Amino acid sequence: MDISNSMRPRRLRRSPAMRALVRETRLHPAQLVAPMFIVPGTGVRTPVSSMPGVDNLSIDEALKQIAEWWEVGLRSIIVFGVPDHKDAIGSSGTDPDGLIPQAIKAIKAAYPELIVMADLCLCEYTDHGHCGLISEAGEVMNDPTLAILGQGAVAYADAGADIIAPSDMMDGRVAAIRSALDDHGHSDIPILSYAVKYASAFYGPFREAAQSTPQFGDRRSYQMDPPNVREAIKEALLDLAEGADMLMVKPALPYLDVLQQVKAACDVPVAAYCVSGEYAMIKAAAANGWIDERRIVMESLISIRRAGADFILTYHAADAARWLAEEG
Ligand code: PBG
């Protein structure tokens, strides 16, 4: 066969500059969000054993960490609180003087330009480890949880959070949070809804970091069933109707099909959360010398962007930002 006149796709792959010229998807450090686990005290930096490179940080140590992240070009973080005190209603999560409001104030004072997202959920603050209040029958109650989420959102916004990110998966929480924020003078604060959050085994290492493993049962009555994608669109559209400004799909790599469909169905920025288990797998294989960590991470992140994520929450954020700077 004579292919001399035919299309030769290889013509556009022959040099780094040629490949860069025709590249369809790009990744920029501004599209990466670094998660951060805040603990009480000072001078505390406790490694999370299942997430090498991730630490539980007291506020002073968090500020040092952010200094490094700012240097490599990161401009957004998401904060999770790991408090001393847990109770049945998660009261340390709604306390205006609690750990996360304190952390947000300190971080915004030092880095006013940094985007600080506040994860909003009960599970890190409840002694039972569930994302909602528990009935006498042992069920996670939906509607009574909404008022608590509203209080938490207001506490975080009052402290200076730039974005409120509810991750609890209660029905109607976006509307409840929106009206609580509006009632307290925060109509300018956007909501990034963890709209499409699956009941995933990939959250295991996070629960070590946040000490938020459910003490009984699991999260399947509120987080989504992994085989479902039609339901993801429904969740996304519901949250938009309730006033969400941005949507999130979580986990990321095992759910790229979901991400692509949510992105196609919704005209708002869509984030993907590349979760703790995804991070831990790469770290473990890299530590064994079985994979090339840098290439695997960059290929994973660009795949998540290609599938439709406008930005990515990832524990690899700082490393990826450094590698992007080296690539130029
Ligand atoms: C809180 C929350 C979880 C994650 C983010 N927010 C844990 C869970 O739902 O059990 C998981 C993040 C990760 O695994 O990196 N509800």
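Where a number appears in this text, it was derived from the coordinates with a stated rule and is not lab data. Owing to the predicted nature of the structure, the values given are computational and were not obtained by experimental measurement. Backbone-built Cβ (ideal geometry, glycine too); neighbour counts: all protein chains shown.
Quick notes
- For the condition part of a helix (DSSP H, G or I) and among the hydrophobic types (A, V, I, L, M, F, W, C), ALA232 qualifies.
- Residue selected from region 212-223 under the condition within 11 Å of the ligand (Cβ to nearest atom) and in contact (Cβ under 8 Å) with a residue 40 or more places away in the chain, by the criterion farthest from TYR315 (Cα to Cα): TYR222
- Yes/no for VAL116 being in contact (Cβ under 8 Å) with a residue 12 or more places away in the chain and more than 28 Å from GLY204 (Cα to Cα): no
- Of all residues in region 160-208 being touching an Asp or Glu at 6+ places or on another chain (Cβ under 6 Å) and among the polar types (S, T, N, Q), the one that is nearest to the ligand (Cβ to nearest atom): SER167
- Meeting the requirement of 1 or more residues that are without any contact (Cβ under 8 Å) to a residue 24 or more places away in the chain, the strands (runs of 3 or more DSSP E) wholly within region 31-104 are 45-47, 55-57.
- Filtered residues of region 282-318 (kept if out of contact with any helix residue (DSSP H, G or I) (no Cβ under 8 Å at 6 or more places or on another chain) and acidic (Asp, Glu)): GLU299
- Residue list for region 122-151, filter: touching a residue at least 60 places away in the same chain (Cβ under 8 Å) and either under 22 Å from PHE206 (Cβ atoms) or buried (at least 23 other Cβ atoms within 10 Å of the Cβ) (or both): CYS123, GLU124, ASP127, HIS128, GLY129, HIS130, CYS131, GLY132, VAL140
- Within region 124-157, the set of residues being in a helix (DSSP H, G or I) and among the hydroxyl-bearing types (Ser, Thr, Tyr) comprises THR145, TYR156.
- When region 138-192 is filtered for residues that are acidic (Asp, Glu) and within 20 Å of CYS123 (Cα to Cα), the ones remaining, listed by number, are GLU139, ASP143, ASP168, ASP171.
- Residue in region 261-276 that is at negative phi, within 16 Å of the ligand (Cβ to nearest atom), of a type in the set (A, V, I, L, M, F, W, C) and part of a helix (DSSP H, G or I) present: no
- Residue within region 242-259 that is closer than 21 Å to VAL48 by Cα, free of Cβ contacts under 8 Å to residues at least 60 places away in the same chain and in a helix (DSSP H, G or I) present: no
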